Amino acid sequence: MMDTASTLAATVIAAGDPSKALMKARFFQAIPGGYAEGDVVVGASVPIVREIAKRAPTNVTPDDMSQLLDHEVHEVRLLAAVLMSDLCKRRSTAPGTRRQIVGLALDKAERLNNWDLVDTVAPHVTGPWLATLPPHEQWAILDPLLDSPVVWRRRLAMVSMFGPLRAGDVELPLAVAARLLDDEHDLIHKAVGWLLRDVGLRDRAALDDFLDKNAATMPRTALRYALEKHEPARKTHYMALHRNPPADWVAKLP
């Protein structure tokens, strides 16, 4: 008789569609030379994985989720991410269980090894939890993630900032974004840009102050996403700064 994790994994694999697996592998760059090279994709759709999560036994434990995160199949790890997120979204979840799930996300951040996995967990698991901590505890968690050579750990730190932002904190998200402005990975540039855009929806002055200081040198992708909600004239202003930074900015460039 299979245990809960094995049964759930088998259900996801059985729901796979070989005709879609190659397309999904390309989409998630699980192909030679891609950032997820070597990952196994079976072609199970996100709605199907979410439906499996919805119908999962109510007694699925953090240990079961840990086993699912260790699985070689991408969609099985996605199921773990959905289960973790859904559990933390429930108001009835006990604080101790919530801490277990957060610990699991941090301990196994490298198993959240694609953007869809990170983006499923970060806004509902690590993000809201970080929002409850005092600054010194926040940075004790964030510093190792931000300094990691593993892109998924850095993205986890960045996307988790939607938690503090929703709680009304713009300073921490902007500080984390500033730490990642020199990151070389496009997946980080996009995450930084999305976060900055949403900072602007809450505090436009804080975003514009950030852009005044950084628009000339920050990655173009991050800047374009950050400006999505700006009026055309302000977009033109900041994009012009990026194309033609003032002389004192140029002197500071490496």
- Note on the structure: Of the residues in segment 79-111, those that are aliphatic (A, V, I, L, M), assigned to a helix (DSSP H, G or I) and either open to solvent by 10 Å² or more (accessible area, probe 1.4 Å) or more than 16 Å from Gly127 (Cα to Cα) (or both) number 6
- Query: How many residues are open to solvent by less than 40 Å² (accessible area, probe 1.4 Å) and not polar (S, T, N, Q) when one looks only at segment 112-130?
  - Reply: 10
- Could you list, in sequence order, all residues of segment 2-38 that are closer than 18 Å to Val151 by Cα, in contact (Cβ under 8 Å) with a residue 40 or more places away in the chain and either among the β-branched types (Val, Ile, Thr) or open to solvent by less than 30 Å² (accessible area, probe 1.4 Å) (or both)? Phe28, Ala30, Ala36
- Query: For segment 220-236, how many residues meet the condition of being within 20 Å of the chain's Cα centre (by Cα), open to solvent by 20 Å² or more (accessible area, probe 1.4 Å) and not aromatic (Phe, Trp, Tyr)?
  - Reply: 4
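The values are calculated or read from the model by the stated rules, or taken from the named source; none is laboratory data. Small disclaimer: the values here were computed from a predicted structure and weren't measured. Counting neighbours? That spans all protein chains shown, and the Cβs are built from the backbone with ideal geometry, glycine included. Calculation scope for accessible area: heavy atoms of the full protein, side chains included, ligands and nucleic acids excluded. Shrake-Rupley method; radii C 1.70, N 1.55, O 1.52, S 1.80 Å.
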